[in-house]
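Each reported figure results from applying straightforward, stated rules to the coordinates on display, with no laboratory input. No experiment lies behind these values; they were computed from the predicted model shown. As a convention, Cβ positions derive from the backbone with ideal geometry for all residues, glycine included, and neighbour counts pool all protein chains shown.
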Amino acid sequence: MAPVVEKVVECGDLGEGPHWDAETQTLYFVDIVGHNIHKYVPSTREHTKAYIGKNVSIIIPVKDKSDEFVITIGREIVRIKWDGESETVTILEKLYEVEPDTPHVFNDGKCDPSGRLWAGTLGVASVKDDQFPDEQCNLYSFYNKQVITQLSKIGLSNGIAFNTDRKKMYYVDSLKGTLDEFDFDIKNGTISNGKPIYTLNAKRGIVDGKVLDGMTIDTEGNLWVAVFNEARILKIDPRKPETIAGFVELPAKQVTSVTFGGPNLDELYVTTGRLAVQGVKPSSPDDGVTYRVTGVNAKGFPGVRIVL
């Protein structure tokens, strides 16, 4: 039986960072370009959002707290209070700031199973040619008020996934053109021995407008990776390098990220965008929508709340 793809809620111009909170059975995500954080409750179909006012790329609930979240605002990571209904939030404190005196901003990020936050940056793209300054950004981890630069010379920091059984972390620098695997030490919060396991583009940069984007991992260790501007999610088995184990096609071309959710964690929630790429902006009602995909014959993990 083929997967069933269903529109569930509007994303905006650049939906990203889907996070499934199992405690509340709620999906959180962001619209980076629209500067909004979103909340969607599948059981009631209630959708609310709040305006942040600047680039916001992640929203992650705080462990053991109600209505508290960590979000990015530009180059800052801040803790906020949001009741999930109001159109505005209260900033409680700035936790971290990186790369001052640059035009860089945070992009994708998530917590490892210990609650440690990992997030990376990107430069500002040219409006005319969609080109990002390459090898100027970094991937960081944040824990206990410490900032560790895990990788440098990054072009466009994107998807992250962790497999603690295999002691591996998976990571996408979209401009590099590969999905990379690292040895992962969760106790010390370090990575090493990076190597590519799947190649989308043989050269650096954005080829035909297509890049690897956000991703998630299932309980069998397979990676589900969004391919921006190709209307699909790839299923990659990291134990079989350079092999596509399957894929899911979406109505929207600009697939940005994916996470497992639902009561049984067997549904894929997928964010999409409707940005102008190479001068053309999608105008279909299928673009800029969050989708739910059922029937994928896989289960995943809930999003991990951040430990502060």
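A few remarks follow.
- Other-chain or far-sequence residues with amide H under 5 Å of residue 232's (modelled H): 227, 250, 255
- Here the 3J(HN,Hα) profile of the range 216-229, calculated from phi with Karplus coefficients 6.51, -1.76 and 1.60 at θ = phi - 60°, is 9, 10, 9, 6, 8, x, 7, 9, 10, 10, 6, 10, 5, 6 Hz, Gly and Pro shown as x.
- Listed residue pairs exceeding 29 Å between alpha carbons, taken from 54/187; 65/153; 94/195; 81/145: 54/187; 65/153; 94/195
- Cleavage-rule hits (trypsin sites (Lys or Arg not before Pro)) in the range 150-229: DSSP loop, at most 16 neighbouring Cβ within 10 angstrom: 166, 167, 187, 203, 204
- Prolate/oblate/rounded label for the range 148-192 (Cα gyration tensor, a/c 1.5): oblate
- Under the Karplus curve 6.51 cos²θ - 1.76 cosθ + 1.60, θ = phi - 60°, whole-Hz ³J(HN,Hα) for the range 189-195, x wherever Gly or Pro sits: x, 10, 10, 7, 6, x, 8
- Relative to the Cα centre, the charge distribution of the chain, modelled as +1 at Lys and Arg Cβ and -1 at Asp and Glu Cβ, gives a dipole magnitude of about 440 debye.
- Under the Karplus curve 6.51 cos²θ - 1.76 cosθ + 1.60, θ = phi - 60°, whole-Hz ³J(HN,Hα) for the range 231-245, x wherever Gly or Pro sits: 6, 7, 10, 8, 9, 10, 8, x, 7, 10, x, 6, 10, 8, 7
- Relative contact order for the chain: 18 percent, from Cα pairs under 8 Å spaced at least 6 residues apart, divided by residue count.
- Evaluated with a Cβ-only charge set (Lys, Arg +1; Asp, Glu -1), the range 35-121 carries a dipole of roughly 160 debye about its Cα centre, given to the nearest 20.
- Shape category assigned to the range 81-200 from the gyration tensor of Cα positions, a/c cut at 1.5: oblate
- Sequence of 59, 244 once ranked by neighbouring C-beta atoms within 10 Å, starting from the fewest: 244, 59
- Remark on the range 4-294: ratio of C-alpha radius of gyration to 2.2 N^0.38 Å is 0.91.
- Restriction of the trypsin sites (Lys or Arg not before Pro) in the range 1-76 to DSSP coil positions whose beta-carbon has at most 15 other beta-carbons within 10 angstrom yields 45, 54, 63, 65.
- Signed unit charges on C-beta, dipole axis of the chain, positive-most listed residue 271, 178, 254: 178
- Shape category assigned to the range 201-271 from the gyration tensor of Cα positions, a/c cut at 1.5: oblate
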